[in-house]
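Undergrad: So that we are looking at the same thing, I have put the structure below in structure tokens.
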Amino acid sequence: MAQATSSCRICGGVLTECLDFGTQPVSNAFLRPEHIGNEKYFHLAVGICGTCAMVQQLEEVPREDMFGFDYPYRSCMSAWMRKHFQQTAQALIETELAGADPFIVEIGSNDGIMLDTVSQAGIRHLGVDPSGGPAAVAQDKGVGILVDYFEESSARAIRAKHGPADVIFSANTISHIAYIDSILRGVDALLADNGVFVVEDRYLGDVVEHNYFDQIYDEHFYLFAVHSVGELVSRFGFELIEAERIPVHGGAMRYTIARSGRRKVSQAVRDFVAKESAMGLDHPAVYEHFRAEIKSIRVALVDLLTDLRAQGKSIVGYGATSKSATVTNYCGIDRDLVPYICDSTPVKQGRVTPGSHIPIVPPEQFSGPYPDYALLFAWNHADEIMAKERRFRETGGKWILYVPNVHII
Ligand code: DWN
Ligand code: SAH
Ligand code: ZN
């Protein structure tokens, strides 16, 4: 049963525990085989605030354990995501960045997937990201990066050096930052009076509706909804003025935030808030159904993989995602069930997955020879990967997916 545990990081309200995944490793800590046994674990549990409705984790992993030079995620691995961020950048260039000498700051710029387009347009920009590995990739493309954590102090230093930002952009990052109050004070210090703070992140409504339980892992400290983001920003002198659905990562939202009273609030914001309330997203009861669904996915997936292996079928994983840490460790999937995972990220290859210790190999190994089944951990890139690996199905191979339920394609 759900129980009250601790207090909200944002407003101090009472948190009700909704989901408990037990002990989990740091999700992006892919390790060299010789380092097995030397891993960091934490307790992955999620609660909802009775006051501001923000869904958040109950235990915080120290930021240095998650991010740093070795952070292996490279946003540019997906052609779909490259196109998405080119379009996002282009739209900002034509609107908010159309004035004289505009300046944009990105929080969590990774390998420059978004700022590359801005930089090529000759617009003043600065990416801020503490992970030196992906930052070096961005710098090689000519994107300006400050290798640091964005927070109030670094934001003030950027303002002093470069002046106010017309746009502060952040995708799939501020939800990763437990100290989000410092982020918003930093935005307040850096943003121009009529500037906008644009945030993209996976949407809580989709996570609950489509059983995306693997979107819950250490980095996803907060799970945003329109209502909770509106409440959050209002505490720091801002207003949520626009909310738009975006077709990435299984279902996401773009939030546009301005200083309070500066811009008109769109009807879409009010409509989403009403819809979320009707769904019960702001109430712990909605998570009881989600919790039951997660348990049945675990049973169905492990049963399927075990049966297939007993029949002598070969199975490999595809996409060593951060999400796969929750799937493999919560379900108890190890290399006996899935002997290896194919992934196109060079820095992940030759390593093993955190906790479950499944080796990661280059995608070239997928076809040599094809397995009978492939477990698609990167389900959010299903169209792109299935198109790329079309010969797998043409030659009789089958994909296994586990969201919104376990099924075979
Ligand atoms: O929020 C986050 C998102 C933006 O990225 C971060 N917390 C970390 C990360 O999450 P993820 O690791 O679950 O992201 P992806 O984009 O689902 O990861 C896809 C993985 O699959 C990558 O390791 C690359 C790989 N891949 C591949 O092998 N072949 C991806 C594509 C598109 C491919 O064709
Ligand atoms: N924006 C990219 C990357 C998301 S991964 C995309 O959507 O694909 C999250 C990124 O946030 C990582 O590159 C990580 O290093 C960065 N990050 C984590 N904490 C941060 C902080 N306090 N300030 C800036 N970036 C941060
Ligand atoms: Zn709260």
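Undergrad: Excluding residues fewer than 8 places away in the same chain, name every one of the lysines whose C-alpha is closer than 17 Å to that of Lys295.
TA: List returned: Lys323.
Undergrad: Also, I was wondering about something else. From zero up to wherever the largest Cα-Cα distance of region 73-157 sits, split into 10 Å bins and tell me the percent of pairs in each.
TA: Over region 73-157, the share of Cα pairs per 10 Å bin runs 19, 50, 29, 2 percent.
Undergrad: Under the √(5λ) rule applied to the eigenvalues of the Cα gyration tensor, what semi-axes describe the equivalent ellipsoid of region 17-150? Give them in Å, descending. It would help to have the intermediate numbers written out before the result.
TA: Values: eigenvalues 211, 87, 32 Å².
In descending order, the three semi-axes are 32, 21, 13 Å.
Undergrad: Then there's this: FRET efficiency for Arg63 and Ala98, Cβ-Cβ distance as r, R0 = 41 Å, nearest 0.05?
TA: On the way: r = 35 Å, r/R0 = 0.86.
E between Arg63 and Ala98, to the nearest 0.05, is 0.70.
Undergrad: Only Cα pairs under 8 Å and at least 6 apart count here; give the relative contact order of region 105-219 as a rounded whole percent. All intermediate terms of the calculation are to be shown ahead of the outcome.
TA: Details: 184 pairs, mean separation 27.2, N = 115.
Relative contact order for region 105-219 comes out at 24 percent.
Undergrad: Starting from the Cα of Trp80, step 7 Å along the direction of its Cβ; do the same at Arg270; then give the gap between the two resulting points in nm.
TA: According to this spin-label approximation, the distance is 3.4 nm.
Undergrad: List the chymotrypsin sites (Phe, Trp or Tyr not before Pro) within region 1-102 that DSSP assigns to loop and that have no more than 16 neighbouring Cβ atoms inside 10 Å.
TA: When the chymotrypsin sites (Phe, Trp or Tyr not before Pro) of region 1-102 are filtered for loop state and at most 16 Cβ neighbours within 10 Å, Phe69 remain.
Undergrad: Provide the percentage of antiparallel DSSP beta bridges, counting only those with both residues in the chain; round to the nearest 5. Before the final figure, lay out each step's value.
TA: Working: 35 of 62 bridges.
Bridges in the chain that DSSP calls antiparallel: roughly 55 percent.
Undergrad: Over region 50-181, with the other protein chains present, what is the accessible area per residue in square angstrom, probe 1.4 angstrom? Intermediate results must be reported in sequence, preceding the final value.
TA: Numbers: 5230 Å² over 132 residues.
Using a 1.4 Å probe on heavy atoms only, each residue of region 50-181 averages 40 Å².
Undergrad: Would you kindly calculate the mean projected area, averaged across all directions, of the convex hull enclosing the Cα atoms of region 273-409, in square nanometres? Mind showing how you got there, number by number?
TA: Details: hull surface 38.5 nm².
That works out to 9.6 nm².
Undergrad: Could you give each residue of region 284-289 its phi-based ³J(HN,Hα) in whole Hz, using Karplus coefficients 6.51, -1.76, 1.60 with θ = phi - 60°, and x for Gly or Pro?
TA: Residue by residue, region 284-289 yields x, 4, 5, 7, 5, 5 Hz.
Undergrad: Same structure again: Provide the per-residue ³J(HN,Hα) series for region 192-207, in order, calculated from phi with Karplus coefficients 6.51, -1.76, 1.60 and θ = phi - 60°, each as a whole number of Hz, with x at glycine and proline positions.
TA: The phi angles translate into 4, 4, 9, x, 10, 10, 10, 10, 10, 7, 4, 9, 3, x, 6, 4 Hz.
Undergrad: Let's test the formula: R0 of 56 Å, r as the Cβ-Cβ distance of Asn38 and Gln90. What FRET efficiency results, to the nearest 0.05? Mind dumping the intermediate values first?
TA: Values: r = 45 Å, r/R0 = 0.80.
Efficiency, rounded to the nearest 0.05: 0.80.
Undergrad: Also, quick follow-up: Could you state the principal axis extents of the C-alpha atoms in region 217-259, from the largest down, to the nearest angstrom?
TA: Ordered largest first, region 217-259 gives principal extents of 30, 23, 13 Å.
Undergrad: Turning to a different aspect of this structure: Diagonalise the Cα gyration tensor of region 1-79 and give the resulting equivalent ellipsoid semi-axes, square root of 5 times each eigenvalue, largest first, whole Å. The partial results should precede the final answer.
TA: Working: eigenvalues 174, 51, 25 Å².
Square roots of five times the eigenvalues give 30, 16, 11 Å.
Undergrad: Let me ask something else. Just subtract the alpha-carbon distance of Asn405 and Asp303 from 0.36 nm times their residue separation and send over the number in nm, one decimal.
TA: 35.4 nm
Undergrad: Taking every pair of alpha-carbon atoms in the chain, give the share separated by more than 40 Å as a whole percent. Could the numbers behind the result be given before it?
TA: Values: 12582 of 83436 pairs.
Summing the P(r) tail past 40 Å for the chain gives 15 percent.
Undergrad: Additional query: What is the angle, in °, between the Cα long axis of helix 152-162 and the longest principal axis of the Cα atoms in the chain? Nearest 10 is fine, range 0 to 90.
TA: 60 degrees
Undergrad: Could I ask something else about it? Residues with amide H under 5 Å of Ile241's amide H, sequence separation 5 or more or different chain, H placed in the peptide plane at 1.01 Å from N; which?
TA: When sequence neighbours closer than 5 places are left aside, the close amide H contacts are Thr256, Ile257, Ala258.
Undergrad: Next question. Relative contact order, percent, of the chain when contacts are C-alpha pairs under 8 Å separated by at least 6 residues? Could the numbers behind the result be given before it?
TA: Working: 823 pairs, mean separation 61.5, N = 409.
So the answer I get is 15 percent.
Undergrad: Okay, moving on. What is the local net charge at Lys348, summed over the other residues whose Cβ is closer than 12 Å to its Cβ (Lys, Arg +1; Asp, Glu -1)? Present the calculation step by step, with values, prior to reporting the outcome.
TA: Values: positive: Arg32, Arg74, Arg351; negative: Asp70, Asp343.
Taking every other residue near Lys348 into account, the sum is +1.
Undergrad: Can I ask one more? For region 230-353, take the alpha-carbon Rg, divide it by the Kirkwood Rh, and send me Rg/Rh. Write down the numbers at each step before the final one.
TA: Values: Rg = 21.0 Å, Rh = 18.5 Å.
Reported Rg/Rh (Cα atoms, Kirkwood Rh): 1.14.
Undergrad: If amide hydrogens are placed 1.01 Å from N in the peptide plane, which non-local residues have theirs closer than 5 Å to the one on Glu219?
TA: Answer set, sorted by chain and number: Ser27.
Undergrad: I'd like the carbon and sulfur percentage of the solvent accessible area for the chain, probe radius 1.4 Å, heavy atoms only, ligands and nucleic acids excluded. Don't skip to the answer; put the middle values down first.
TA: Working: 8090 of 16270 Å².
That fraction is 50 percent.
Undergrad: In addition: Where both residues lie in region 25-182, what percent of DSSP beta bridges are antiparallel, nearest 5?
TA: On the way: 4 of 14 bridges.
Of those bridges, close to 30 percent are antiparallel.
Undergrad: Sticking with this structure for a sec: Would you mind calculating the relative contact order of region 42-136 from Cα pairs under 8 angstrom and at least 6 residues apart, reporting the percent as a whole number? Intermediate results must be reported in sequence, preceding the final value.
TA: Details: 118 pairs, mean separation 27.2, N = 95.
Relative contact order for region 42-136 comes out at 29 percent.
Undergrad: Per residue, how much accessible surface does region 222-322 expose to a 1.4 Å probe? Answer in Å², no decimals. If you can, show how the numbers build up before the last one.
TA: Working: 4430 Å² over 101 residues.
Accessible area per residue: 44 Å².
Undergrad: What fraction, in whole percent, of alpha-carbon pairs in region 335-401 exceed 21 Å separation? Display every interim value, and only then the final one.
TA: On the way: 439 of 2211 pairs.
Summing the P(r) of region 335-401 above 21 Å gives 20 percent of all pairs.
Undergrad: Which values, in whole Å and largest first, are the semi-axes of the equivalent ellipsoid of region 173-305 obtained as the square root of 5 times each eigenvalue of the Cα gyration tensor?
TA: Values: eigenvalues 188, 52, 30 Å².
Those come to 31, 16, 12 Å.
Undergrad: Counting Lys +1, Arg +1, Asp -1, Glu -1, what net charge surrounds Cys331 among other residues with beta carbon under 11 Å of its beta carbon? Can you show the working numbers first?
TA: Details: positive: Lys295, Arg298; negative: Asp214, Asp303, Asp334.
Local net charge: -1.
Undergrad: Would you please give the residues with an amide H less than 5 Å from that of Gly127, counting only those at least 5 places away or on a separate chain, with H modeled from the backbone geometry?
TA: For Gly127, the qualifying residues are Glu106, Gly144, Ile145, Leu146.
The values are calculated or read from the model by the stated rules, or taken from the named source; none is laboratory data. In this text, all values refer to a predicted model and were calculated from it rather than measured experimentally. Methodologically, a virtual Cβ is constructed for each residue, glycine included, from the backbone with ideal geometry; neighbour enumeration extends over all protein chains shown. Quick note on the areas: whole protein, heavy atoms, side chains included, nothing else; ligands and nucleic acids left out. Shrake-Rupley method; radii C 1.70, N 1.55, O 1.52, S 1.80 Å.
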